[in-house]
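Enquirer: Take a look at the following structure, please.
The values are calculated or read from the model by the stated rules, or taken from the named source; none is laboratory data. Since the model is a prediction, treat every value here as computed from it, not as a measurement. Glycine also receives a Cβ, built like all others from the backbone with ideal geometry; neighbour counts cover every protein chain displayed.
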Amino acid sequence: MEGLLVLKQVEAFIQHYHILHDISFEVPKGEVTVLLGRNGAGKTTTLRTIMGLNQVSKGTVSFKGEAIANRTTHQIANKGIGYVPEDQGIFNGLTVGENMRVAMKKEDEETMKRMEWVLELFPDLKKYWKKEGGQLSGGQKQMLAIARAYVNKNDLLLIDEPSKGLAPIIVDKVTESIQQMKEQTTIVLVEQNFMMASKIGNRFYIIDDGVTVHHGKMDELKEDKITMKKYLGIS
Amino acid sequence: MDLIISLVINGLATGMLIFLLAAGLTLIFGLMSVLNFAHGGLFIWGAYTGVWVYQMSNSFILGIIAGIIIGLLLGLVTERLIVRPVYGNHIQQILITLGFMLVLQEMIKVVFGPDQKAVFPPEYLAGSFMIGDIVLIKYRLFIIVIGLLIFILATIILKKSRIGLIVRAGVMDKEMVQSLGINIKLVFMLVFMVGAGLAALSGVFHSIYSGVIYAEMGLEFSILAFIVVVIGGMGSFSGSLFAAILVGLAQAFMAYYVPALSLAVNMLLMVIVLIFRPQGLFQVKE
Ligand SMILES: Nc1ncnc2c1ncn2[C@@H]1O[C@H](COP(=O)(O)OP(=O)(O)O)[C@@H](O)[C@H]1O
Ligand SMILES: [Mg+2]
């Protein structure tokens, strides 16, 4: 069976810079697929291109068997993809509660249940419900961004470097929460923190200079010192 | 003292009319970063249509409704045909909306004739009443009350309803709003239409306030609305109220004490704000 999300030879430009040259990968349902690669390799651009925030200039993107390349962003999101951008995309002038409300497509029982579940996962959000997004700590912003993507019944979550800039203890908390979400939804995780990536991930793809150069099972990568050193600078 | 009070009331009434005009413009800029110089065209079309219906039907209420409807419709047309093709390009926006502004202005002359028209308030809003020695002109109080009600209503919608939150979120981070599955273009069209409706309403109210309407008011009020939006902070709704009242009061006092400056005072205020607080008095959090 074909994966939930499949990219084939995707190319993309930012302005006139050719950033993605050949991105091909497949995300099996129910798993966490990790995108690894150095800074500037094109991981963020890949997620933005999936979301329609960047144009696909060549290649195909299909989600649940349907071509989604170059649809508008809201259409893509409404197919069932939740997105946690690298900068978290918190609406700073809105409170935590208002941020959640903008995200919630429905206010039915199921959505409320998901909301309760995610607030139990991140009690800080409940505690600071009326606080403005701009006043949250980096970790709280990350939690809010994840909660916002989770609250709708999405089939896929795209999460961009959730550990970035966070204290180790908060990284553990975020890691644990993504591990719990993993039970319920498919995830594509961009992550530089190898500890986190290896704990959560089932499969990995390595992106280098806009090309998916290597992939496999996460367990195998841990043993593959050569690849780790060559593409990730980890020895 | 009486003089001060009546100047303040003048200033507040002028300020409220300017606020109705600028409120839509500031949201349009904040949401889609569109520079719309046709906004004054919606204002005069509201004024002329409203006055025409008012004078035909002898009902001010019908005039108001007609003005709002023409504003909503013209807003729809302006957004779809004029603004949508030039998203993201400010120079093109200025040129095409300014051009459209002039078209709207000339069309007024074609449809309603080139002469200026006198307008009088309906009986129930004419005249004044006295409190002690102070003369309170009914129509001005009416404008202040309606303006405040609209501000309160709009604020409640922006703060409490989901669509209001989406509009504010869109001003802060458009991409994220889209990533949450919201059709920002549709939201923008709605905001544009409501903004146009408010500008047209401002036109209807203003026609009676000044007692006369003429086609060239379009460009004058386009520029005035921009000045107010810049002073208030582009994209800030409360900022537009504050700035509009500031401009209204400055105009009222200058007209009395330094008449020679009463037209230049808006520009002057804008220059001062731009020097000391280039982001405007109120700033929208990104
Ligand atoms: N707005 C932009 N303009 C020009 N180049 C950009 C822009 N955004 C990203 N890039 C370039 O695209 C490449 C990929 O960036 P990105 O996808 O953010 O990498 P990663 O997320 O893997 O660190 C980098 O070389 C970066 O410099
Ligand atoms: Mg990145």
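Enquirer: Could you pull out the residue among B:I61, B:I65 that is modelled with pLDDT of 95 or more, under 27 Å from B:S238 (Cα atoms) and in a helix (DSSP H, G or I)?
Expert: B:I65
Enquirer: Out of (1) at positive phi; (2) of a type outside the set (S, T, Y); (3) within 12 Å of ligand 1 (Cβ to nearest atom), the odd one out for A:G65 is which?
Expert: (3)
Enquirer: When you scan the stretch A:107-133, how many residues do you find that are in contact (Cβ under 8 Å) with a residue 12 or more places away in the chain and under 19 Å from A:G80 (Cα atoms)?
Expert: 5
Enquirer: Ok, one more. Among the listed residues B:R80, B:R84, identify the single one that is part of a helix (DSSP H, G or I) and surrounded by fewer than 14 Cβ atoms within 10 Å (Cβ to Cβ).
Expert: None of the other options fit; the residue is B:R80.
Enquirer: For the stretch A:60-94, give me each residue that is under 13 Å from A:N152 (Cα atoms) and assigned to a loop (DSSP other than H, G, I, E, B).
Expert: A:K79, A:G80
Enquirer: Just checking, which of B:G181, B:G113, B:G132 is more than 23 Å from the chain's Cα centre (by Cα), on the phi > 0 side of the Ramachandran plot and facing another protein chain (nearest Cβ under 10 Å)?
Expert: One residue alone meets the criteria, B:G181.
Enquirer: May I ask you to list the residues in the stretch A:96-108 that are more than 9 Å from chain B (Cβ to nearest Cβ) and either within 16 Å of ligand 2 (Cβ to nearest atom) or crowded, with 18+ Cβ neighbours inside 10 Å (or both)?
Expert: Listed by number, the residues that qualify are A:V96, A:M100.
Enquirer: List the residue pairs whose Cβ atoms are under 7 Å apart, where the first residue sits in the stretch B:99-126 and is surrounded by 14 or more Cβ atoms within 10 Å (Cβ to Cβ), the second is assigned to a loop (DSSP other than H, G, I, E, B) and of a type in the set (F, W, Y), and the two are 6 or more positions apart or on different chains.
Expert: B:M101/B:F37
Enquirer: Here is a follow-up. What are the residues in the stretch A:51-87 that are within 16 Å of ligand 2 (Cβ to nearest atom) and surrounded by fewer than 24 Cβ atoms within 10 Å (Cβ to Cβ), if any?
Expert: A:M51, A:L53, A:N54, A:P85, A:E86, A:D87 - these are the residues of the stretch A:51-87 that are within 16 Å of ligand 2 (Cβ to nearest atom) and surrounded by fewer than 24 Cβ atoms within 10 Å (Cβ to Cβ).
Enquirer: Regarding the stretch A:175-183, can at least one residue be identified that is more than 16 Å from ligand 2 (Cβ to nearest atom) and of a type in the set (G, A, S)?
Expert: Checked against the condition, which is being more than 16 Å from ligand 2 (Cβ to nearest atom) and of a type in the set (G, A, S), the stretch A:175-183 yields at least one hit.
Enquirer: Turning to a different aspect of this structure: Answer with yes or no whether A:G80 is more than 16 Å from ligand 1 (Cβ to nearest atom) and within 28 Å of A:E2 (Cα to Cα).
Expert: Against the criterion (more than 16 Å from ligand 1 (Cβ to nearest atom) and within 28 Å of A:E2 (Cα to Cα)), A:G80 qualifies.
Enquirer: Count, please, the residues in the stretch A:15-52 that happen to be within 14 Å of chain B (Cβ to nearest Cβ) and within 11 Å of ligand 1 (Cβ to nearest atom).
Expert: The qualifying residues number 6.
Enquirer: Next up: Would you confirm whether any residue within the stretch A:113-131 is more than 19 Å from A:K173 (Cβ to Cβ), at pLDDT 95 or above and within 10 Å of another protein chain (Cβ to nearest Cβ)?
Expert: Checked against the condition, which is being more than 19 Å from A:K173 (Cβ to Cβ), at pLDDT 95 or above and within 10 Å of another protein chain (Cβ to nearest Cβ), the stretch A:113-131 yields no hits at all.
Enquirer: Would you point out which residue out of B:F151, B:F192, B:F188 is of a type in the set (F, W, Y), within 21 Å of B:G233 (Cβ to Cβ), within 18 Å of the chain's Cα centre (by Cα) and within 14 Å of chain A (Cβ to nearest Cβ)?
Expert: After ruling out the rest, the residue left standing is B:F188.
Enquirer: Here's something else I'd like to know. Look at B:F192 and say whether it is aromatic (F, W, Y), crowded, with 16+ Cβ neighbours inside 10 Å and within 21 Å of B:G15 (Cβ to Cβ).
Expert: no
Enquirer: While we're looking at this one, here's another question. Only one residue in A:G138, A:G165 is more than 30 Å from A:E26 (Cα to Cα), more than 14 Å from chain B (Cβ to nearest Cβ) and among the small types (G, A, S), so which one is that?
Expert: Of A:G138, A:G165, the one residue that is more than 30 Å from A:E26 (Cα to Cα), more than 14 Å from chain B (Cβ to nearest Cβ) and among the small types (G, A, S) is A:G138.
Enquirer: Let me ask you something else. Condition check: in contact with a Leu (Cβ under 9 Å, 6 or more places away or on another chain) and buried (at least 20 other Cβ atoms within 10 Å of the Cβ). Does A:F13 satisfy that?
Expert: For A:F13, the condition - in contact with a Leu (Cβ under 9 Å, 6 or more places away or on another chain) and buried (at least 20 other Cβ atoms within 10 Å of the Cβ) - is not met.
Enquirer: Tell me whether the stretch B:155-177 contains one or more residues that are among the polar types (S, T, N, Q), touching a residue at least 40 places away in the same chain (Cβ under 8 Å) and either away from chain A (no Cβ under 14 Å) or surrounded by 14 or more Cβ atoms within 10 Å (Cβ to Cβ) (or both).
Expert: The answer is yes, given that some residue of the stretch B:155-177 is among the polar types (S, T, N, Q), touching a residue at least 40 places away in the same chain (Cβ under 8 Å) and either away from chain A (no Cβ under 14 Å) or surrounded by 14 or more Cβ atoms within 10 Å (Cβ to Cβ) (or both).
Enquirer: Is there any pair linking a residue in the stretch A:3-17 that is among the polar types (S, T, N, Q) to one that is surrounded by 19 or more Cβ atoms within 10 Å (Cβ to Cβ), with Cβ under 8 Å and at least six apart or on different chains, and which?
Expert: A:Q9/A:I23
Enquirer: Please give the strands (runs of 3 or more DSSP E) falling wholly within the stretch A:1-59 in which 2 or more residues are within 15 Å of A:E191 (Cα to Cα).
Expert: Answer list for the stretch A:1-59: A:32-36.
Enquirer: Collect the residues in the stretch A:51-71 that are of a type in the set (S, T, N, Q) and under 15 Å from B:S179 (Cβ atoms), keeping them in residue-number order.
Expert: Hit for the stretch A:51-71 is A:N54, nothing else.
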